[in-house]
Amino acid sequence: DQQVKQNSPSLSVQEGRISILNCDYTNSMFDYFLWYKKYPAEGPTFLISISSIKDKNEDGRFTVFLNKSAKHLSLHIVPSQPGDSAVYFCAARKAANNLFFGTGTRLTVIP
Amino acid sequence: GAVVSQHPSRVICKSGTSVKIECRSLDFQATTMFWYRQFPKQSLMLMATSNEGSKATYEQGVEKDKFLINHASLTLSTLTVTSAHPEDSSFYICSAKDGTGGLWGYTFGSGTRLTVV
C-alpha cells in the first residue's frame, strides 16, 4: 500500500525556470512532510520540511506547499540550477518516527 | 553535520550465502536506526526499525529470520541477509536518528547495492 505517491518519475526544466515537484499522500495521520534530494550512489539528504499545520515553508530557493484538503504537497525550486539535478523523494512521517517515501522524481535541469 | 557510514557500498554474493551490511553513526549516538530497501523505480520501503539494546521492529511482510538486524551499540547497526536469493537483490539503505528530535535528525547512509547470483 503506497501511502506516499510521486506520479511523475521525471521532470526536465530549463536553467533559471521554476521546477515544481508534486507529491500526494493518503494517510491523514501524517504530521510532517519532508523532501529529500538524492544523488546517484549516495544516501538521501534532507532538503526541507513542513508541518501538517502549515501550508507553506520557504528556505531560499526551495518552497514547499501543503494542501491538506487535497492531501497534496509540492516542492518549488526557483530559479532552477544545473546542480539541482537529482532524484527528489517526498516523505511523510507518522508517530514512532517512521518515514514513508514516495518513488522519487528525477529532476534534470538543462543548462 | 551528522554522518552515517554504510558498508559495503556494493556486494555480489552467491545464492544461499549470507551477507552483512553495516551502518555506523560517526559523530553522534543513534538512538534509532531504520533499514530500507529500494527496488528499481520504486520507493524506499521501510523494512525495520531498531532501537539500541532491544529487538528490531519489522514491517509487515518482512521476514525477521531472513533479515537479521542487530543494534548492539549506539553507533552500529547491522543487517544480515541470510540465505540470500536472487530476489533479495536490491538497494539497501540505513538511516540513523540522533536524539535531537529534529526532522533533520534522519541521516542516511550511502546505501548498499546487493546482487545475488
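The values are calculated or read from the model by the stated rules, or taken from the named source; none is laboratory data. Keep in mind that what you see is a predicted model, and the values were worked out from it rather than measured. FYI the Cβ positions are ideal-geometry reconstructions off the backbone, even for glycines, and counts take in every protein chain you see. Just the protein is used for accessible areas: all its heavy atoms, side chains included, with ligands, DNA and RNA removed. Shrake-Rupley method; radii C 1.70, N 1.55, O 1.52, S 1.80 Å.
Below are the figures for this structure:
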{"item": "Selection within segment B:39-69 - open to solvent by less than 30 Å² (accessible area, probe 1.4 Å) and among the polar types (S, T, N, Q)", "result": "B:Ser43, B:Thr49, B:Ser50"}
{"item": "A:Ser74 more than 21 Å from A:Ser8 (Cβ to Cβ) and among the hydroxyl-bearing types (Ser, Thr, Tyr)", "result": "no"}
{"item": "Criterion violated by A:Ile110 - all others in (1) free of Cβ contacts under 8 Å to residues at least 24 places away in the same chain; (2) more than 14 Å from every other protein chain (Cβ to nearest Cβ) satisfied", "result": "(1)"}
{"item": "Selected residue (only one of B:Ile93, B:Ile12, B:Ile21 is open to solvent by less than 70 Å² (accessible area, probe 1.4 Å), assigned to a strand (DSSP E or B) and either more than 10 Å from chain A (Cβ to nearest Cβ) or of a type in the set (Gly, Ala, Ser) (or both))", "result": "B:Ile21"}
{"item": "Given (1) over 21 Å from A:Lys94 (Cβ atoms); (2) surrounded by fewer than 19 Cβ atoms within 10 Å (Cβ to Cβ); (3) within 11 Å of another protein chain (Cβ to nearest Cβ), number of the condition B:Gln6 does not satisfy", "result": "(2)"}
{"item": "A:Ser19 vs. criteria polar (S, T, N, Q) and open to solvent by 60 Å² or more (accessible area, probe 1.4 Å)", "result": "no"}
{"item": "Hits in segment A:39-69 (condition: open to solvent by less than 60 Å² (accessible area, probe 1.4 Å) and either among the hydrophobic types (A, V, I, L, M, F, W, C) or at pLDDT 90 or above (or both))", "result": "A:Leu47, A:Ile48, A:Ser49, A:Ile50, A:Ser51, A:Ser52, A:Asn57, A:Arg61, A:Phe62, A:Thr63, A:Val64, A:Leu66"}
{"item": "Number of the exception - B:Gln42 against (1) part of a loop (DSSP other than H, G, I, E, B); (2) in contact with a helix residue (DSSP H, G or I) (Cβ under 7 Å, 6 or more places away or on another chain)", "result": "(2)"}
{"item": "Verdict on B:Ser73 being out of contact with any Pro (no Cβ under 6 Å at 6 or more places or on another chain), modelled with pLDDT under 90 and open to solvent by 10 Å² or more (accessible area, probe 1.4 Å)", "result": "yes"}
{"item": "Lone qualifier among A:Ala41, A:Ala92 - being of a type in the set (Gly, Ala, Ser), at positive phi and within 14 Å of chain B (Cβ to nearest Cβ)", "result": "A:Ala41"}
{"item": "Which listed residue is more than 22 Å from B:Val4 (Cβ to Cβ) and either in contact with a Ser or Thr (Cβ under 9 Å, 6 or more places away or on another chain) or basic (Lys, Arg) (or both), from A:Thr103, A:Thr45", "result": "A:Thr103"}
{"item": "Of the criteria (1) more than 10 Å from chain A (Cβ to nearest Cβ); (2) under 14 Å from the mean Cα position of the chain (by Cα), which one B:Gly61 fails", "result": "(2)"}
